[in-house]
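Below is one structure, written out as structure tokens; comments come after it.
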Amino acid sequence: MKRIQGSKEIRIEREFEWEIMKEDRMVLDAALEAGCILLKNGAEIFRVEETIYRICRYYGVYSCNVFTLTNGIFLTAGDTKEPYFAKVKHLPLGGANLGRVAAVNQLSREIEQGKYTIEEVIQKLEEIKRSKDKSKVSKLLAAGIGCSAFCILFQGTLFDCITAFCSGISYYIFKLYIEKGTLSKITSNLCGGILITMVCLLSYQLHFGEHLYGMVAGSIMPLVPGVPFTNSIRDFADGDYISGAVRMLDAILVFFSIAIGMGFVFLLYHHIMGGAIL
């Protein structure tokens, strides 16, 4: 009888340990998924790591260690009291969606307030991950209005703003319907610089726009990698030099791609028409 009772206690203890291990792995998977959503959508390195640590510590996993780069997250855990866990997630450099970043930040605050179980957190993260992006029409309008507004800042006239509006919409039509993410970032921005400059030059030659500088400067604003460049500076300030250097290099390559595309069109125009145009 004692032997049977002892075997039952061992089995119950093992089942209890397995449940704890299973729950800890769910916590670590959820924390890693939250970090991936943040990093993929343009969050800073310190924000990614802080969110992962907060989720893990709230649900009782204190042995986690995180190492985050611009395109990857390394998460490990385990000691004499907690089960061992190791996972690596590779995330290619992409665009930013600050709405999803804000949603994950809000979720992490609500987790610390005790509003969700770990199962509910996983479900919420899946909803954030699958949340729909803005419609293509709204993106086209935003690009056109943004280009027009920047053109005004560069002292553009009404006709300059209309040209910048058409130029911004032309670029996003190319990006959403023609390119469709099949080209590399460098090639895409190179083609974007060429397309925008050609539209502005055509309008300038037809005497529809008056200030070529204002039209071109306003129209290229959707191409400028403002979020990666800003995040690189913040990463440098926080001591994340590797991630800051990668993001800075990525932004500089985009700047050069835009400049090469614009310069190619201006150089070609100069050889065909002659004379200075700026």
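By definition, a body whose alpha carbon gyration tensor gives a ≥ b ≥ c is oblate when a/c is 1.5 or more and a/b is not larger than b/c, and region 15-118 fits this oblate description. Using the Cβ-Cβ distance between Glu119 and Leu202 with R0 = 51 Å, the FRET efficiency computed as 1/(1 + (r/R0)^6) comes to roughly 0.35. Rounded to the nearest 10 degrees, the inclination of helix 118-129 to the longest alpha-carbon principal axis of the chain is 10 degrees. Rounded to the nearest Hz, the phi-derived 3J(HN,Hα) couplings of region 63-72 under the Karplus curve 6.51 cos²θ - 1.76 cosθ + 1.60 (θ = phi - 60°) are 9, 6, 9, 10, 10, 10, 10, 4, 10, x, where x marks glycine and proline. Give me log10 I(q)/I(0) at q = 0.08, 0.10 Å⁻¹ for region 71-218, Debye formula, one equal scatterer per alpha-carbon, no solvent. Taken in order of the listed q values, log10 I(q)/I(0) reads -0.40, -0.57.
Between the amide H of Ala43 and any residue lying 5 or more places away or on another chain, no distance stays under 5 Å, with hydrogens modeled in the peptide plane. If one takes the longest principal axis of the Cα atoms in the chain, at what angle in degrees, from 0 to 90 and to the nearest 10, does the Cα axis of helix 226-237 lie? Orientation of helix 226-237: about 50 degrees from the principal axis. With distances taken between every two different alpha-carbon atoms, the chain has a Kirkwood hydrodynamic radius of 21.9 Å.
Using the Karplus relation 6.51 cos²θ - 1.76 cosθ + 1.60 with θ = phi - 60°, the per-residue 3J(HN,Hα) values for region 197-203 come to 5, 5, 5, 5, 5, 4, 5 Hz, with x marking Gly and Pro. Using the empirical formula 2.2 N^0.38 Å as the baseline, the Cα radius of gyration of region 190-278 reaches a ratio of 1.35.
By accessible area, using a 1.4 Å probe on protein heavy atoms only, region 134-278 has 74% of its surface on carbon and sulfur.
Cα extents for region 88-161 along the principal axes, largest to smallest and rounded to whole angstrom: 56, 28, 22. Taking each of Lys115/Lys136; Lys89/Lys175; Lys134/Lys175; Lys22/Lys132; Lys124/Lys175; Lys87/Lys175 in turn, the alpha-carbon distance tops 23 angstrom for Lys115/Lys136; Lys89/Lys175; Lys22/Lys132; Lys124/Lys175; Lys87/Lys175. Surface composition of region 42-92: carbon and sulfur atoms hold 54% of the protein heavy-atom accessible area at a 1.4 Å probe. The residues of the chain expose, per residue, 58 Å² of accessible area to a 1.4 Å probe.
Over the residues of the chain, the helix contribution to mean residue ellipticity at 222 nm works out to -23000 deg cm²/dmol, using -39500 (n - 2.57) for each DSSP H run of at least 4. Among the chymotrypsin sites (Phe, Trp or Tyr not before Pro) in region 78-173, those located in a DSSP loop and surrounded by at most 13 other Cβ atoms within 10 Å of their own Cβ are Tyr84.
Restriction of the trypsin sites (Lys or Arg not before Pro) in region 147-237 to DSSP coil positions whose beta-carbon has at most 13 other beta-carbons within 10 angstrom yields Lys180. For region 146-162, backbone phi angles converted through the Karplus equation (6.51, -1.76, 1.60; θ = phi - 60°) give residue-by-residue couplings of x, 4, 5, 5, 5, 4, 5, 4, 8, 6, x, 7, 4, 5, 4, 5, 5 Hz, Gly and Pro being listed as x.
Across region 202-278, the mean sequence separation of Cα contacts (distance under 8 Å, 6 or more residues apart), normalised by length, yields a relative contact order of 23 percent. Take the Cβ atoms of Phe256 and Lys87, set R0 to 45 Å, and the FRET efficiency comes out at 0.80. I'd like the orientation of helix 241-273 relative to the chain: the angle between its Cα long axis and the longest Cα principal axis, in ° from 0 to 90, rounded to 10. With rounding to tens, the tilt is 20 degrees. Distance between the 7 Å Cα→Cβ label points at Asp238 and Glu112: 1.4 nm.
The values are calculated or read from the model by the stated rules, or taken from the named source; none is laboratory data. All figures in this text were calculated on a predicted structure; none of them were measured in a lab. Every residue, glycine among them, receives a Cβ derived from its backbone with ideal geometry; neighbour counts consider all protein chains shown. Ligands, DNA and RNA are stripped out before the accessible areas are found, and what is left, the full protein with its side chains, is counted by its heavy atoms. Shrake-Rupley method; radii C 1.70, N 1.55, O 1.52, S 1.80 Å.
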